[in-house]
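K.L.:
Shown below is the structure under consideration.
The values are calculated or read from the model by the stated rules, or taken from the named source; none is laboratory data. Nothing here was measured: the structure is a model prediction, and the numbers come from that model. Cβ placement follows ideal geometry from the backbone for every residue including glycine, while neighbour counts extend to all protein chains displayed.
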Amino acid sequence: MEYGNCTCQATCDDPQNLFNCQNTCREHRGCVCREGFLKKGAHCVSSTECGCYIQENRFIPNGQSYVRVDCSSRCQCQSNVLTCDDNYGCSPDATCEERDGVRQCYCNGGYAGDGQNCKVNATDCADIYKAGVTESGVYYIKPKNWPGSPFEVFCEVTPGGGWTVFQRRKDGSVDFYQGWNRYKYGFGSPNHELWLGNEKIFYLTNQRNYQLRIDLMYGTGRSYFAKYNLFRINNEDDEYRLAGLGSFSGSADQDRLTWHKGKQFSTPDRDNDGWSQYHCAQKYRGAWWYGLGDTATTGNCATDEFYCDWWPLGSDSCGWCAFSNLNGNYNGMTWGTRIDWESDLENDCNVINTEMKIKPV
């Protein structure tokens, strides 16, 4: 360094001294680097020691990389030589952005990797929520020990969210009168009406403890919810039995699921209700954790619209084997076949929207 007539010094970051100096060299004197040297911190270094030139008036130090604004390429500076990879690009599950002053591809919430390659890192929607995702929608998850590929679910990630939706009814566009394999693997769309699939629900609910929330809307436009502080089903060897169900709370005035605890899952083509005389899934036109019920002789249960948990046996008698039937026929013409959640506040047969979802306790 020498004493000169200009205190505005060209630096490695600004070799042409275009941005940092507002003074004229004739008016100021001070220490400056000799010709051929640039200022780096408090020292003068050869321009070759600055690192690599990447664009006008900008160098990057050795050992660092630079990514273009659109993440279309990445350049690495080694021994003052700049090497660029024009094949650099973001995974479909990543975003090109700057974080803490570093621009590159970053994996989206629920994914992990280097930004070029991202893999699902979420076991449920709670993991998606913890990753900072704030927009509800469809995301990929892979529960612990799940043997297949990651699959899509609808995640509710509003404040306090992290709910994984596994059942939804809203307009009757999807036929829920399906057989065992359809309920095993799932049907419908995560964005619309769906049953996620018993196999997926089993792996989800057995990786940790989950609470269950059931949202209900009736034809009156009024909505209610039922919550249970534990929900778990067993595997197919045990017919997807409703093995765990905790205590009830919520705005719904009736607990209509606890009766089903311990019952095995039944579909129209697989009868596990324990009632040899009747096939409840066929009677209710659905699939659920039906159980051994009873019959009654009464003058109105076969015709009264408020008896949605009964199905007619004749003109003056009925049978029942469920206190709820959320996978029933959306537009059932016979009492007992419709979606049902008994309520003293509403017409039992007038449920028009349902949603079942889980979140870790």
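K.L.:
Looking only at the stretch 72-101, count how many residues are charged (D, E, K, R), in contact (Cβ under 8 Å) with a residue 12 or more places away in the chain and either part of a loop (DSSP other than H, G, I, E, B) or on the phi > 0 side of the Ramachandran plot (or both).
P.N.:
The number of residues fulfilling the criteria is 2.
K.L.:
When you scan the stretch 280-289, do you find a residue that is in a strand (DSSP E or B) and farther than 30 Å from residue 150 by Cβ, even just one?
P.N.:
Looking through the stretch 280-289, none of the residues is in a strand (DSSP E or B) and farther than 30 Å from residue 150 by Cβ.
K.L.:
Another question, if that's okay. Which one is farthest from the chain's Cα centre (by Cα) among residues in the stretch 75-117 that are over 23 Å from residue 135 (Cβ atoms) and aliphatic (A, V, I, L, M)?
P.N.:
This residue is 81.
K.L.:
Still on this structure: Could you list, in sequence order, the residues of the stretch 107-126 that are part of a strand (DSSP E or B) and of a type in the set (Val, Ile, Thr)?
P.N.:
Hit for the stretch 107-126 is 120, nothing else.
K.L.:
Give the stretch 42-59 a look and list any residue that's modelled with pLDDT under 75, outside any strand (DSSP E or B) and in contact with a strand residue (DSSP E or B) (Cβ under 9 Å, 6 or more places away or on another chain), or say none.
P.N.:
Within the stretch 42-59, 47 is the sole residue that qualifies.
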